[in-house]
1. Which one is surrounded by the most Cβ atoms within 10 Å (Cβ to Cβ), of the residues in the range 228-237 that are at pLDDT 95 or above and in a helix (DSSP H, G or I)?
2. Keeping to the range 52-80, report how many residues are on the phi > 0 side of the Ramachandran plot and surrounded by 20 or more Cβ atoms within 10 Å (Cβ to Cβ).
3. Looking only at the range 107-128, count how many residues are on the phi > 0 side of the Ramachandran plot and either at pLDDT below 95 or buried (at least 22 other Cβ atoms within 10 Å of the Cβ) (or both).
4. Just for helices (runs of 4 or more DSSP H) wholly inside the range 256-342: which have at least 3 residues that are among the polar types (S, T, N, Q), in contact (Cβ under 8 Å) with a residue 24 or more places away in the chain and under 27 Å from residue 245 (Cβ atoms)?
5. Would you confirm, using the coordinates I've provided, whether residue 87 is in a helix (DSSP H, G or I) and within 16 Å of the ligand (Cβ to nearest atom)?
6. Could you run through the range 21-73 and say how many residues are within 18 Å of residue 286 (Cβ to Cβ), part of a helix (DSSP H, G or I) and of a type outside the set (Val, Ile, Thr)?
7. May I ask you to say which residue of 63, 131 is aliphatic (A, V, I, L, M) and modelled with pLDDT of 95 or more?
8. Using the structure shown, decide if residue 237 is more than 16 Å from the ligand (Cβ to nearest atom) and not charged (D, E, K, R).
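The values are calculated or read from the model by the stated rules, or taken from the named source; none is laboratory data. Predicted, not measured: the structure shown is a model, and the values here were computed from it. For neighbour counting, all protein chains shown are included, and Cβ atoms are generated from backbone atoms with ideal geometry for every residue, glycine included.
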Amino acid sequence: MSSFSFKTIVLSFAALAALPASAQEKVLNLYSSRHYQTDDALYTGFTRLTGIKVNRIEAGEDALIERIRNEGERSPGDVLVTVDAGRLWRAEQLGMFQPIKSAVLDQRIPANLREPGGHWFGFSTRARLIAYNKAKVKAGEIATYEDLADPKWKGRVCMRSSTNIYNLSLLGAMIDHLGEQKAEQWAQGVRSNLAVEPKGGDTDQLKSVAAGQCDVTITNQYYYARLLRSQKPDERQVGERVGIVFPNQKTWGTHVNISGAGVMKHAPNREAAIRFLEYLASDEAQRYFADGNNEWPVVAGVKVDNPVLAEFPDFKRDALNVAMLGKNQPNAQRIYDRVAWK
Ligand SMILES: [Fe+2]
């Protein structure tokens with residue numbers, strides 16, 4: 001087979017996938033980097049309600065974005081679901097979303113948890129917490145993100161890499177609240193307090209704290225929740241050795257981020273895509289979506305039956321629009337580079 005005809009076959013598959021819904025059965029093509037079991041209930045719930053079949057393409061964030069870039073205008077993707085406002089912002093910068101105006105979404109999702117132009121929307125929230133070794137740190141000894149830069153913690157802090165989106169978004173929030181100069185002093189301070197060079201994910205930081213390699217770290221709440229709900233006794237033990245703090249309750253509030261989604265630029269099934277986003281904001285879907293990763297719903301009044309989340313206190317959340325985390329991302333990366341936080 002010549003390379004020419006092979007190319008033709010690849011193109012015609014892509015063209016078939018992009019056929020309008022009316023020419024075949026009603027479908028929604030969903031690109032997602034979420035892969036939680038409870039998400040299955042979401043898709044069957046949507047299909048039951050609308051008769052629209054959900055085709056899922058699941059991959060890691062970077063692989064998905066690369067795929068969408070390669071597909072360009074021929075992309076069959078209707079909705080992109082991913083985590084962290086910083087990643088949604090990146091996809092927006094790459095022109096992957098189209099703006100959506102929906103009274104349902106505007107009314108149900110708080111204004112600070114969606115992109116003001118309607119390019120993407122938050123459907124659950126996560127919080128970035130301080131975690132400490134209960135045997136080495138007293139409750140109340142650390143209360144703010146800023147405290148992590150205090151020389152008192154020299155050689156006692158574990159942090160994951162600065163290129164990680166969670167840390168970029170956190171510093172993005174700090175730039176907004178403290179200004180660039182103080183945000184840089186903070187990054188410098190934390191960097192000089194590190195017990196070890198940044199390595200691994202949030203769960204690895206929690207394990208290092210539990211094992212006594214360092215005393216304090218930062219983690220998203222669901223990693224801590226996962227350890228406490230684990231079937232493995234050694235993982236539950238890690239969770240039990242660690243205390244958590246909702247930082248900055250007396251100042252700007254704990255940094256919160258989102259899992260979110262937007263309608264893709266070339267969505268062949270645009271109406272189905274909007275209906276899907278509106279479905280994600282329904283009470284039923286909010287429970288599945290949030291609970292799948294031990295996160296909080298964004299819609300007011302929706303209760304999740306989750307024993308670990310129920311243990312968390314009500315807390316003051318940063319009210320900043322999550323789109324700011326993206327806007328400040330290039331500055332945040334420059335600061336981390338300047339202070340040599342790997
Ligand atoms: Fe995560």
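1. Among them, the one singled out is 235.
2. Counting residues in the range 52-80 that are on the phi > 0 side of the Ramachandran plot and surrounded by 20 or more Cβ atoms within 10 Å (Cβ to Cβ) gives 0.
3. 0
4. 329-338
5. So residue 87 fits the description; yes.
6. Within the range 21-73, residues that are within 18 Å of residue 286 (Cβ to Cβ), part of a helix (DSSP H, G or I) and of a type outside the set (Val, Ile, Thr) number 9.
7. Exactly one residue qualifies, and that residue is 131.
8. The answer is yes for residue 237.
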